[in-house]
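Nothing in this text is a laboratory measurement; each read-out follows from the coordinates by a stated rule. Here the structure is a predicted model, which is why all the values come from computation and not from measurement. Positions of Cβ are generated from backbone atoms using ideal geometry, with glycine treated the same way; all protein chains shown enter the neighbour counts.
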Amino acid sequence: MTELLLDASGVVKRYGSVTALRDASLSIRPGEIHALMGANGAGKSTFVKVLTGAVRPDAGTIILRGQERQAHSPAEARRSGMVSVYQEPAILPDLTVLENLVLTETPVEAFRTQLDDLGIKNLDLRAHARNLPLATLRVIDLARALAIEPDVLLLDEMTAALPADLTAGVLEAIARQRGTSRSVIFISHRMLEVAGLCDRATVLRDGSTVGVVDVSPGAEHEIVDLMLGSAREGEERGATAPSAPRTAQAADATPRLSARNLAAGRNLVDVSFDLHEGEVLGLVALEGQGQDELFDVLSGQVRPESGQVLIDGGAVHFGHPSDAIRAGVVLVPADRSSALLMQRSVRENVALPRLAGVRSWGLINVGEERRQVGAAIDRLQIDTRAQAEVQRLSGGNQQKVTIARWLSSSVRTYLFYDPTRGIDIRTKAEIYDLVRELAGAGAAVLLLTSELEEIKRVCDRAIVVFGGTVVDEMPADVADEPTLLRSAHGLEAAMAAVAASAAAAPDGQAS
Amino acid sequence: MTRLAAARGGLGRWARGDSWTVGLIVIFAALFVFTKILRPTYGLDALAIASLPVAFAAAGQAIVVISGGIDLSIGSVMALTNVIAASLLLSYPELSVPIVIFVMLVGLLIGAINGVLVVVSRVPDIVVTLAMLFVWAGVALLVLGTPGGASTSWLRQISSGTLGIELIPRALVVLLAIVGVVWIPLRRSRLGLSIYAIGSNRLAAFRSGVNVEGTKIAAYALTGFFASLGGLALTASTGIGTPIPGPYLLLSVAAIVLGGVSLAGGRGGLLGPIVGIYILGIIRADLTFIGMEPAFSTVIQGVIMVVVVMVGAYLTLRRRLA
């Protein structure tokens, strides 16, 4: 048994009444590449903050090279031999690359060597960071971390949104750390990378470490099972419960909205799907798989670089959100602060998009407006005691306002982008009911969700987007969490097997 | 019960929603009573006439700040429209009505040019309008190299003296009538809501289907329109055109800060800044009446402004936490 390089155990972190970490632990051997895995909300990001000294735990010990470490800031953690690289490069955009190196006391020659190995040659160190592409900055950030030769290197979603050639270089550089006295903690949504690169994986669930897995062929399934845990058992129990009656739609009917080979930006590569009248189509994707760009395109905020959007079978070209609104396609974003006028009243927030559909700059019909706004507020039971300023409403009520403002007979297609993120359970249930009600009344709904159990509960059908394309499609009643999660991690082969077994045992009790 | 009934009425709702302006009016009333005690001959009409140009500037500045911008060229535009009006009125005294309308349209156009430059260049508003401050000031000097020109009698008449009783100066009536005729319908229109929307949250407004660029240009055009009214008021009160801008830019910004318009945009109205101008004006008069040295009096004005805004921020914070 070799001595452990890093040994964190019994880590507890509470935020008020919320316990983010109950009993998190992580043991890293020298020279190992260790994956830290967990579903959304498992406590992964809090654990990383504790490990890097950004957050002080309420209990637990962190032992680095046999000595208890008490870092109270990322700078102290860095001096004690632990360096982290995040998805957002920690590089000051207004300084040159060289100045950024000097600021962090990075040896320039070692940095050069690392950067060469990572596949970026002849970088001008006098270039301002602002003028370099994001992918380059992230590689620079990694090279800078490698140049310091830290005992423990923590990489958070390092390969997300990197072009393929740089990804290969990055993965090789990480692999080279194996067998040295140094170790890497690797956090990634991409299960295949984890399987190909890591020696062991620690899995977090509900704030606790639930297992440490030796990564070998087939270990992905074990990891997914650990990540889901009781949620999966619950899901399987739920599968036998009668689901809400769904409107059946003729498969040959013209879809309300069709996406054809849509591509935009770096992440959206080639997405096609159909969305029918009366249907709730679930969309599942890990972060940065092109879903943001897809919603931007469908709601008229961004023009696609290629591909087409069709409404009722006819091609449309949205140049502005008002074009989409006139075509009856509306977006309900997750981030309420980007959907609402926070300092303005509920009335104005509800009235604004209704006016956007009108071409004139004319006067508002006061009586008609008051009636419509009142009806929308009643329908969603928005608590309007604080209606003079939306920012004084609770998060759930704010989210209701973002939906209420679009409740109108002229809206026929709703794009919900994670509408239940960060809101309480009761409001969540109300929003689920509302989504079903909208579909029942003939609207077509595209629902992106990060909470996988919502797919079975609310949707008729689900598509999974990975790497900018639709990798999977299934009816909602077989879309349980393991299936969706495997698919969303790009494990298509595993997916096919699950789909086959689900087909063989339609009651979802496949074993 | 009575409170509820009052709250149902339009005035009550306005008072509750715009408690800041109500507070300012109360402060002004107290200052006015104080001034009357200090100097019984003091009349509101002198204050109203002196404040008219800068009150129009404050109203215009308020619109563009609500939309999330700022217009540093407002003083220059006032000077430019002032000299255009004065020169034309000297040459064609018989065409005074068309000239006044023409000057208003020039203001609208100048504002629209400012707005288009901000939208097209994507340079921050403060930079573009700073540049335009010099441009419009230069154009004003081209139009009229030295103070001169003329006014017309009706311009002077509609803005001086009082209507019936002493408490209703004509200049105040003209001011409120014009602002009311322009702003109240606008406030109830799609454009008005859009102006608040882009100032409050550009992205949310865009996602709600608002034409962000068009609205911004319209807001600047309205500001230019009010600046031209300020220029005409200068022509009326001085009787000539003066190509060098007065201190109206900074006064207009001071008034909107005092008047409850958020410099971050999206919040406030036009009445608050107008009352703010009156308060700044009457304080200046008071400080003269009590024999304060002029240099010291500007210090006092600045301190009063900071204190009022601080107290306001404190009250807002307390209400929000309650």
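If you average over every viewing direction, what projected area does the convex hull of the Cα atoms of the protein assembly as shown give, in nm²?
Details: hull surface 173.2 nm².
Over every viewing direction, the Cα hull of the protein assembly as shown projects on average to 43.3 nm².
Between segment B:260-314 and segment B:116-163, the C-alpha centres lie 24 angstrom from each other. Pairwise inverse Cα distances across segment B:47-280, averaged and inverted, put the Kirkwood hydrodynamic radius at 17.4 Å.
Go through segment A:93-156 and name the trypsin sites (Lys or Arg not before Pro) that are in a DSSP coil and have 12 or fewer other Cβ atoms within 10 Å of their Cβ. Please list the in-between numbers first.
Numbers: sites: A:ARG112, A:LYS121, A:ARG126, A:ARG130, A:ARG138, A:ARG144; in loops: A:LYS121, A:ARG126.
Those that pass, being in a loop and sparsely packed, are A:LYS121, A:ARG126.
From the alpha carbon centroid of segment A:456-473 to that of segment B:170-246 is 49 Å. For chain A, which longest stretch is free of loop sites, where a loop site is one of the GluC sites (Glu not before Pro) that DSSP puts outside H, G, I, E and B and that has at most 14 other Cβ atoms within 10 Å? Excluding the exposed sites themselves, the longest stretch runs over A:306-511.
Step through the table entries A:LYS428/A:LYS456; A:LYS13/A:LYS44; A:LYS44/A:LYS456, compare each Cα-Cα distance with 18 Å, and write down the pairs that go over it.
On the way: A:LYS428/A:LYS456 14 Å; A:LYS13/A:LYS44 12 Å; A:LYS44/A:LYS456 25 Å.
Exceeds cut-off: A:LYS44/A:LYS456.
For segment A:104-163 and segment A:1-75, what is the separation of their Cα centres, given in Å? Here the two parts' Cα centres lie 25 Å apart. Between A:SER272 and B:PHE34, how many nm apart are label points set 7 Å from Cα along the C-beta direction? Spacing of the two 7 Å Cα→Cβ label points: 7.6 nm. Taking label positions 7 Å along the Cα-Cβ direction at both A:ASP225 and A:GLU389, the computed distance is 5.4 nm, reported to one decimal.
Calculated FRET efficiency, A:VAL212 and B:SER121, Cβ-Cβ r, R0 45 Å, to nearest 0.05? Please report the intermediate quantities before stating the final value.
Working: r = 58 Å, r/R0 = 1.28.
The formula returns an efficiency of 0.20 here.
Here's how it looks for B:GLY149: its modeled amide H is under 5 Å from those of B:GLY241, which are all 5 or more places away or on a different chain.
Where does helix A:164-176 land angle-wise versus the long Cα axis of chain A, in degrees 0 to 90, nearest 10? Long axis of A:164-176 versus the principal axis of chain A: about 40 degrees.
Of the trypsin sites (Lys or Arg not before Pro) found in segment B:96-180, the ones in coil according to DSSP and having at most 15 other Cβ atoms within 10 Å of their Cβ are B:ARG122. Long hydrophobic helices in chain B: the complete DSSP H runs spanning 18 Å or more by Cα along their own axis with mean Kyte-Doolittle hydropathy of at least -0.5 are B:19-38, B:44-66, B:74-91, B:96-121, B:125-143, B:170-187, B:212-238, B:271-289, B:294-321. Computed about its Cα centre, the charge dipole of the protein assembly as shown is approximately 3620 debye, with only Lys, Arg, Asp and Glu carrying charge at their Cβ. Computed from backbone phi, the HN-Hα couplings of segment A:24-38 come to 9, 9, 7, 10, 10, 8, x, x, 10, 10, 10, 8, 10, 10, x Hz, rounded to whole numbers (Karplus: 6.51 cos²θ - 1.76 cosθ + 1.60, θ = phi - 60°; Gly and Pro given as x).
Per residue of chain A, the DSSP helices (runs of n ≥ 4 H) give a summed -39500 (n - 2.57) that works out to -10500 deg cm²/dmol at 222 nm.
Would you please classify the overall shape of segment A:271-334 from the alpha carbon gyration tensor, given that a ≥ b ≥ c denote the square roots of the eigenvalues, rounded means a/c under 1.5, and beyond that prolate means a/b larger than b/c while oblate covers the rest? Don't jump to the answer; show the numbers that get you there.
Working: a/c = 1.41, a/b = 1.18, b/c = 1.20.
Rounded is the answer for segment A:271-334, as its axis ratio a/c remains below 1.5.
When A:ILE455, B:ILE279 are sorted by how many other C-beta atoms sit within 10 angstrom of their C-beta, beginning with the fewest, the order is B:ILE279, A:ILE455.
In terms of its alpha-carbon gyration tensor, segment B:205-288 comes out oblate; a/c meets the 1.5 threshold, while b/c is at least as large as a/b. Close amide H contacts of A:ASP23 (hydrogens built in the peptide plane, cut-off under 5 Å, sequence separation of 5 or more or a different chain): A:SER208, A:THR209. Using bins 10 angstrom wide from zero, how does P(r) for segment A:96-207 break down, in % of all Cα pairs? With 10 Å bins starting at 0, P(r) equals 13, 46, 31, 9, 1. Karplus-derived 3J(HN,Hα) values for segment A:318-333, using 6.51 cos²θ - 1.76 cosθ + 1.60 with θ = phi - 60°, are 8, x, 7, x, 5, 5, 5, 4, 5, 7, x, 10, 10, 10, 10, x Hz; glycine and proline are entered as x. Annotation: amide H of A:GLY60 within the under-5 Å range of A:VAL12, sequence separation 5 or more or interchain, hydrogens built in the peptide plane. Mind pulling the angle between the C-alpha long axis of helix A:492-504 and the longest principal axis of chain A? Nearest 10 degrees, somewhere in 0 to 90. Taking the Cα atoms of chain A, the angle to A:492-504 is about 50 degrees. Can you give me the angle between helix A:134-147 and the longest principal axis of chain A, using Cα atoms only, in degrees from 0 to 90, rounded to the nearest 10? Here the helix axis deviates by roughly 20 degrees.
Coupling constants for segment A:60-72 follow from the phi torsions by the Karplus curve (6.51 cos²θ - 1.76 cosθ + 1.60, θ = phi - 60°), and in residue order they are x, 10, 10, 10, 10, 6, x, 10, 5, 9, 10, 8, 10 Hz; glycine and proline get x.
Compute the projected area of the convex hull of the Cα atoms of segment A:6-231, averaged over all viewing directions, and report it in nm² to one decimal place. Write down the numbers at each step before the final one.
On the way: hull surface 49.3 nm².
Convex hull of Cα atoms, orientation-averaged projection: 12.3 nm².
Mean projected area of the convex hull spanned by the Cα atoms of segment A:252-504, taken over all viewing directions: 13.9 nm².
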